[in-house]
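**Student:** Questions regarding the structure given below will be posed in turn.
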Amino acid sequence: MVRKLRSRIDRLHKLRGKMQVATKEKGDTHKSLTANQKEEVARKTGYKCHICGKRLISANHRRQYDHIRAKSTGGHDGMRNYLLACHICNKLRGAKLSEEVQLLLALGELARRAILEKTELGDVIAETAVKRHAIKGWLERSFPSYPKLKP
């Protein structure tokens, strides 16, 4: 089963790479949204990040207009292909395919349980995670009363 999982992850990675190369060869360029279109996308998601649910009422909240299907993998610039996202979620999601995001969520849930259950694997994951810039920053923002985490 481990080989099957590794193989599937590898195939997804290669598929995304092929799609990105094909899109580059087509020479598609990104078209900026107008102010009205940005407002329409924000209303569509209730002014919340479609991934984490964070309220993004004003543009000061670092709103990003996320392609549901990334341009780099063949997505388009039509209004139906946009949702509102916070900058952190949009950066972490990147251009991953839907199946890759689902796999990441499943693996993340496995990691969360291992950390909660204080297993040896959970300890390794937690120790590794707090060294990662994005996770360290999230912890410091989410728990400001905690002392700054050291790598």
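**Student:** Residue 88 versus (1) crowded, with 17+ Cβ neighbours inside 10 Å; (2) touching a strand residue (DSSP E or B) at 6+ places or on another chain (Cβ under 6 Å): which is the lone unmet condition?
**Tutor:** Residue 88 satisfies all of (1) crowded, with 17+ Cβ neighbours inside 10 Å; (2) touching a strand residue (DSSP E or B) at 6+ places or on another chain (Cβ under 6 Å) except (2).
**Student:** In region 66-85, what residues are over 25 Å from residue 15 (Cβ atoms) and surrounded by fewer than 17 Cβ atoms within 10 Å (Cβ to Cβ)?
**Tutor:** If the condition is that a residue be over 25 Å from residue 15 (Cβ atoms) and surrounded by fewer than 17 Cβ atoms within 10 Å (Cβ to Cβ), then 79 is the only one that fits.
**Student:** Okay, moving on. Within region 1-111, which helices (runs of 4 or more DSSP H) (wholly inside it) include 1 or more residues that are in contact with a Phe, Trp or Tyr (Cβ under 6 Å, 6 or more places away or on another chain), in contact (Cβ under 8 Å) with a residue 24 or more places away in the chain and under 30 Å from residue 141 (Cβ atoms)?
**Tutor:** Details: elements: 2-26, 35-44, 87-93.
Correct list: 35-44.
This table checks each residue for (1) of a type in the set (Val, Ile, Thr); (2) in contact with an Asp or Glu (Cβ under 7 Å, 6 or more places away or on another chain); (3) modelled with pLDDT of 85 or more.
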{"residue": "65", "(1), (2), (3)": "no, no, yes"}
{"residue": "70", "(1), (2), (3)": "no, no, no"}
{"residue": "73", "(1), (2), (3)": "yes, no, no"}
{"residue": "78", "(1), (2), (3)": "no, no, no"}
{"residue": "85", "(1), (2), (3)": "no, yes, yes"}
{"residue": "98", "(1), (2), (3)": "no, no, no"}
{"residue": "105", "(1), (2), (3)": "no, no, yes"}
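**Student:** Could we say that residue 118 is surrounded by fewer than 16 Cβ atoms within 10 Å (Cβ to Cβ) and assigned to a loop (DSSP other than H, G, I, E, B) here?
**Tutor:** yes
The values are calculated or read from the model by the stated rules, or taken from the named source; none is laboratory data. Just so it is clear, the structure is predicted and the values come from calculations on it, not from any experiment. When we count neighbours, we look across all protein chains shown, and the Cβ atoms used for this are built from the backbone with ideal geometry, even at glycine.
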